[in-house]
Amino acid sequence: MPTISENDWLDILNDIQDQKAVLLIGPEIMKIEGMSMNGYLRDSLNQRNSDDIAYYYERDGFFLFKSPEGKVRVARQVKRFYRDITPDETVLQRIVQIPFHLVVSVNPDTFVSEAFYRYGVKHRFHYFQHRHRDNENDELKNRPKHSL
């Protein structure tokens, strides 16, 4: 990993302070048994569901299932995985402490939002739903014209 110079750190800090920086969080943010959470889940699902999984598309991170029933079984396991896992509180606390104007998590969990609540940091949480349901956290009326 390259070393970041002091001047680069100052630029980053200024960008955060000026609300010109976005924190983008992906599946590598937390580790389980030395693996990314995503990688750990993928390997666990592959091992437990070899009869239901036809193929795994590495580049896209998608499973192809042999049947609709197998797809439902695996989807339930994924839901239980995220419900039962205990995230790394140290990582979440550090995220909360950095005053980013916008934090975007592409992970299928609410760990970051829950951490903001635990530490008393006001925030607005939004998530994507493929069926176009309204989200109770939408506040598009009051949003500045050129906001992130």
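Taken together, the values in this text are just the output of simple stated rules run on the coordinates, not laboratory data. The model shown is predicted, which means the values in this text are computed figures rather than measured ones. Backbone-built Cβ (ideal geometry, glycine too); neighbour counts: all protein chains shown.
Subtract the Cα-Cα distance of ASP8 and LYS122 from 0.36 nm times their separation in residues, and report this length gain in nm to one decimal.
Full extension of this stretch gives 38.2 nm more.
Quick one: dipole size for the chain, taken about the Cα centre, charges +1 on Lys/Arg Cβ and -1 on Asp/Glu Cβ, in debye to the nearest 20.
My answer is approximately 700 debye.
Per DSSP H run of n ≥ 4, the term is -39500 (n - 2.57); total these for the chain, divide by its residue number, and report the mean residue ellipticity at 222 nm rounded to 500 deg cm²/dmol.
-12000 deg cm²/dmol
Taking Cα atoms, how many degrees apart are the long axis of helix 6-17 and the longest axis of the chain, rounded to 10 and kept between 0 and 90?
Computed tilt is about 90 degrees.
What is the extension gain from ASP109 to SER67, computed as 0.36 nm multiplied by their sequence separation minus the C-alpha to C-alpha distance, in nm to one decimal?
Fully extending the segment from ASP109 to SER67 adds 12.5 nm.
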